[in-house]
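Trainee: The structure under discussion is supplied below as C-alpha cells; questions concerning it will follow.
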Amino acid sequence: MKLNEIKLENFRNIEKMVCNPCESVNIIYGDNAQGKTNLIESIWLFTGNQSFRGSKMSELIQFNQQQTKITILFSDKERQQNAEFSIGSKKNITVNHIPLKKQSELNGVFYAVVFSPSHLSLIKDGPQNRRKFIDIAVSQIKPQYDDYLSKYEKILEQRNAFLKYSNRYPNLEQDIDIWDIQLSKIGTILSIYRNDYIKKLLSFSQLIYKGLSSKKEEFFIQYISTIYENMDEITVYDDKQVEQYYNKLKETYHLDVKLGYTTCGIHRDDLEITINGHSVKNFGSQGQQRSSVIALKLSEAGILKKATGENPIILLDDVMSELDEKRQDYILNHVKEMQVFITCCDVSNTEKLKNGRVFHIQNGEINEVYDIKT
Ligand code: ATP
Ligand code: MG
C-alpha cells in the first residue's frame, strides 16, 4: 500500500497543503507545534479507526472555519484509488467517489499502523491498555472478534450486576449459572484468538527487536491468562477448555460475591513483556520501553501484511527521541518494503537517512522538500 498524494484544507493548523511522499521513508521534520503530528493524524483518519490522540472529529476543523477536507490518492497492489474525508456540520467519506455509510467501512480499504508517544502507555500503564492493544489488533485481521467481544462484555455486565446486588437474589449461585455457561464459551474463544495473535506477534517482534538492539537484547511477550495456567494448550476450541473456564468461575464465585464483580476471565488478562528475562514495565530503560512498543507496532504491520497481502503504511510520530544512533539507523534504514512516515524535530535525523524524502514543515506549510539517495 502506498500513499501517493495527500491534500489538506483547513485541517487543524494546516490551511492548505499538498504532499507527495516517496514510496520508501518520508521524514517530516520541523520545530514544535508546526503541524507534523497533524499531518500524520490526517493520514491515520483513512484507516477508519479512532484518532490516536483521542480527539473528536470537530476538533480537526481549523479554528474559525466551518469545514475541513482531506483527499488522498493511494495504490494497493491492484490499482490506484482515491478517498476523501470532509468534516463540517456532517461527516462525508468517499472511496473512489462512492460515499460510505460509516467511517468503519474504511477498514480493509486503507491499512496503516501508528506509533505515537502516547502508545508508551502500552508498557507503562495498567493491563487495560495492553488488552485494548490486542483487541484492536486482532479485530483488524479477524472481523468476527469484535462481535464475540461485545457479546462477552454484555454478559459480563449482567453477571456483575447480579454480583453487585447479590443480597437481592437468594438463589444467586444457581441463577448466575446461565451467565457462567455463556462467559465460559465466549471467553474460551476469545482466549484462543488472543493467544494465537500473541504467538504470531512474538515471532515478528523477536526478530525486529534483535535488529533494533543490534542483537544485544532478547525480547519476549506472552499472554497471561487469569483462567488457564498453560496457554500452550489453548490452541483449538474444545469442551475441556470451556470446562476449565467454567470451573474457574465457580472457584472464584465467593470472592466475586464479596467484591461485587467478576474477578477472573479475559477482561482481567494481561500481556507480559520482558527483555533479557526482566519485565520491561518494571526494569526497562526509556529506550528499551520505546523500542519494545516500536517492535510491537512493526510486528502488527507484519501480521497485517500476512493476513491481507498488503503492506500497511507505517506512521511513526516522534519516534526518534530517547533512541541511540544504532536504533535510529534501524528505524530509518531497515524497515523494508513498507512506506514509512517519521516525524522529528531534529534536522540531524535527516542526515542519517540513506534513501527517502525529507519534508520541512513550518507553520502548517511544507516549505522544503528534497530526496536523499546514497
Ligand atoms: P511537536 O514537535 O511539539 O509534536 P507538531 O509539529 O507535531 O509539534 P502538531 O501537534 O501537529 O505539532 O500541532 C501544530 C499546531 O496545530 C499546534 O500549535 C496546535 O495548537 C495547532 N492546532 C491543533 N488543532 C488545531 C485546530 N483545530 N485549528 C488550528 N490549529 C490547531
Ligand atoms: Mg507532534
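Trainee: If one takes the longest principal axis of the Cα atoms in the chain, at what angle in degrees, from 0 to 90 and to the nearest 10, does the Cα axis of helix 144-164 lie?
Mentor: Here the helix axis deviates by roughly 50 degrees.
Trainee: What nm distance separates the two modelled labels at residue 177 and residue 150, each placed 7 Å from Cα along Cα→Cβ?
Mentor: Modelled inter-label distance: 3.1 nm.
Trainee: Okay, next question. Which trypsin sites (Lys or Arg not before Pro) does segment 280-361 hold that lie in a coil by DSSP with at most 12 other beta carbons within 10 Å?
Mentor: Here the trypsin sites (Lys or Arg not before Pro) that fit, given the DSSP loop and packing criteria, are 336.
Trainee: Round to the nearest 0.05 the FRET efficiency obtained for residue 308 and residue 64 when R0 = 51 Å and r is the Cβ-Cβ distance.
Mentor: 0.80
Trainee: Still on this structure, please answer the following. Hey, fewest Cβ within 10 Å first, where do 45, 255, 73 land in order?
Mentor: Going from sparsest to densest Cβ surroundings: 255, 73, 45.
Trainee: Further question: Magnitude of the Cβ-charge dipole of segment 120-309, K/R +1 and D/E -1, about the Cα centre, nearest 20 debye?
Mentor: 860
Trainee: So how far apart, in nm, are the two label points at residue 98 and residue 217 if each is 7 Å from Cα heading toward Cβ?
Mentor: Going by the 7 Å Cα→Cβ label model, 4.6 nm.
Trainee: What length, rounded to one decimal in nm, is gained on full extension from residue 50 through to residue 258, with 0.36 nm per residue of separation minus their alpha-carbon distance?
Mentor: 71.2 nm
Trainee: Ok, one more. With unit charges on the beta carbons (Lys and Arg positive, Asp and Glu negative) and the dipole taken about the Cα centre of the chain, which residue among 333, 367, 169 sits farthest to the positive side?
Mentor: So the residue furthest toward the plus end is 367.
Trainee: While we're on this one: Provide the net charge surrounding residue 343, with neighbours chosen by a C-beta distance below 9 Å and charges set as Lys +1, Arg +1, Asp -1, Glu -1.
Mentor: -1
Trainee: According to a simple spin-label model (label point 7 Å from Cα along Cα-to-Cβ), what is the distance in nm between residue 374 and residue 79?
Mentor: Output for this residue pair reads 4.1 nm.
Trainee: Still on this structure, I have one more. Between segment 46-72 and segment 192-236, what is the C-alpha centre distance in whole Å?
Mentor: 35
Trainee: Fewest Cβ neighbours within 10 Å first, please rank 57, 1 accordingly.
Mentor: The order, fewest Cβ neighbours first, is 57, 1.
Trainee: With only Lys, Arg, Asp and Glu charged, each at its Cβ (+1 for the first two, -1 for the last two), find how big the charge dipole of the chain is about the Cα centre; round to the nearest 20 debye.
Mentor: 360
Only the coordinates and a few stated rules stand behind these numbers; no lab work does. Remember, it's a predicted structure, so these values are computed and weren't measured experimentally. Heads up, the Cβs are rebuilt from the backbone with ideal geometry, glycines too, and the neighbour counts pull from every protein chain shown.
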